[in-house]
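Student: Supplied in structure tokens, the structure appears directly below.
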Amino acid sequence: MILEGIVTTLNADRSPNLSPMGPRVDESMSQFVLRPFRTARTYQNLQRTGQGVLHVTDDVELLARAAVDRLEKFPEMIPAESVDGWILSDACRWYAFRVSSLDNREERSTIVCTVVQRGTIRDFFGFNRAKHAVVEAAILATRLAFLPHDEVIEQYGRLSIMVQKTAGPQERRAFSFLEEHVGKYIASQRSPQDPALPQSR
């Protein structure tokens, strides 16, 4: 199965890089598979360092901003012990890992990672439709360059209904941020015939 999370790695200048990723996992979480594009900074960092930290979090606002590389500031982090990297202080769970194998023969690499240490910081909030809607909206926002824009607008309209019905303040902020980001991107690319992106309330 695919688990949505956030991976931290180290850039060449040793600054942290945060990237939402959906690794293929099993219930044991002893190993998982990442499939970043070879152009992605996470791929470049893992090819160079061979280590990082995967986080499970319910902070969808952080996930949304990291997905489109628009973090206002880095979240609080603590140094990992078993790898050279950083742990998000407010994550629910974390998994420090080392790269076991890396296959870069295709545009999307296949990176097998072995968990070397794990920890729990706080309870997961629980199931919430608005949180799931923000995750889906964030994924769509990373695919604007190759998805039809009318399809993205239609899906945002459906997702906004879940946000309107079930969101708390964090989810509303995250979804509004993504709507604004997507709206600006589409407006910069659109022709007069394209539909406008509806805004949630």
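The values are calculated or read from the model by the stated rules, or taken from the named source; none is laboratory data. The structure presented is a predicted model; accordingly, all values stated were derived computationally and were not measured. With ideal geometry, Cβ positions are generated from the backbone for all residues, glycine too; neighbour counts draw on all protein chains shown.
Student: Report whether or not E81 is at pLDDT 95 or above and assigned by TED's automatic domain parsing to the domain that holds F97.
Tutor: yes
Student: Next question. Quick one: count up the residues across region 23-48 that are closer than 26 Å to F124 by Cα and either among the β-branched types (V, I, T) or loosely packed, with under 15 Cβ neighbours inside 10 Å (or both).
Tutor: Residues in region 23-48 being closer than 26 Å to F124 by Cα and either among the β-branched types (V, I, T) or loosely packed, with under 15 Cβ neighbours inside 10 Å (or both): 8 in total.
Student: For region 152-173, which positions are part of a helix (DSSP H, G or I) and either at pLDDT below 95 or of a type in the set (A, V, I, L, M, F, W, C) (or both)? Working first, answer last.
Tutor: Taking region 152-173 and keeping what is part of a helix (DSSP H, G or I), we get 152-166, 169-173.
Correct list: V152, I153, L159, I161, M162, V163.
Student: Count, please, the residues in region 47-102 that happen to be part of a loop (DSSP other than H, G, I, E, B) and of a type in the set (S, T, N, Q).
Tutor: Of the residues in region 47-102, the ones part of a loop (DSSP other than H, G, I, E, B) are 50, 57-59, 68-76, 80-85, 89-92.
Now narrow it down to the ones that are of a type in the set (S, T, N, Q): 57, 82, 89.
The qualifying residues number 3.
Student: If you check every pair at least six apart or on different chains, which have Cβ atoms under 7 Å apart with a residue in region 177-201 that is modelled with pLDDT of 95 or more first and a residue that is among the charged types (D, E, K, R) and crowded, with 17+ Cβ neighbours inside 10 Å second?
Tutor: Filtered contacts from region 177-201: F177/R65.
So that you can scan it fast, the table gives a plain yes or no per residue for (1) over 14 Å from G50 (Cα atoms); (2) surrounded by fewer than 17 Cβ atoms within 10 Å (Cβ to Cβ); (3) out of contact with any Ser or Thr (no Cβ under 8 Å at 6 or more places or on another chain); (4) among the charged types (D, E, K, R):
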| position | (1), (2), (3), (4) |
| --- | --- |
| I87 | yes, no, no, no |
| L102 | no, yes, no, no |
| S109 | no, no, yes, no |
| V115 | no, no, no, no |
| T120 | yes, yes, yes, no |
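Student: Now for a different question. Say whether the condition of being in contact with a Lys or Arg (Cβ under 8 Å, 6 or more places away or on another chain), at pLDDT 95 or above, among the acidic types (D, E) and under 27 Å from A141 (Cα atoms) is met by at least one residue in region 52-66. Working first, answer last.
Tutor: Going through region 52-66, the residues in contact with a Lys or Arg (Cβ under 8 Å, 6 or more places away or on another chain) turn out to be 55-56, 58, 60-61.
In the following step, the residues that additionally are at pLDDT 95 or above were identified as 55-56, 58, 60-61.
So of that shortlist, the ones also among the acidic types (D, E) come out as 58, 61.
Cutting the leftovers down to under 27 Å from A141 (Cα atoms) gives us 58, 61.
Scanning region 52-66, I find at least one residue that is in contact with a Lys or Arg (Cβ under 8 Å, 6 or more places away or on another chain), at pLDDT 95 or above, among the acidic types (D, E) and under 27 Å from A141 (Cα atoms), so the answer is yes.
Student: Considering each residue of region 3-16, count those that are in a strand (DSSP E or B) and surrounded by fewer than 22 Cβ atoms within 10 Å (Cβ to Cβ), and give that number.
Tutor: Number of matching residues: 2.
Student: Can you tell me which residue within region 1-46, out of those that are of a type in the set (K, R) and in contact (Cβ under 8 Å) with a residue 40 or more places away in the chain, is farthest from A80 (Cα to Cα)?
Tutor: Looking only at region 1-46, we keep the residues that are of a type in the set (K, R), and these are 14, 24, 35, 38, 41.
Right, trim to in contact (Cβ under 8 Å) with a residue 40 or more places away in the chain and you get 35, 38.
On the way: R35: 23, R38: 25 Å.
Ranking the candidates gives R38 first.
Student: Another one. Would you confirm whether or not region 104-125 contains a residue that is in a loop (DSSP other than H, G, I, E, B) and either of a type in the set (A, V, I, L, M) or closer than 21 Å to R14 by Cα (or both)? Working first, answer last.
Tutor: So in region 104-125, the residues in a loop (DSSP other than H, G, I, E, B) come out as 104-107, 109, 121-125.
Imposing the further condition that a residue be either of a type in the set (A, V, I, L, M) or closer than 21 Å to R14 by Cα (or both) reduces the set to 121.
Yes - at least one qualifying residue is present in region 104-125.
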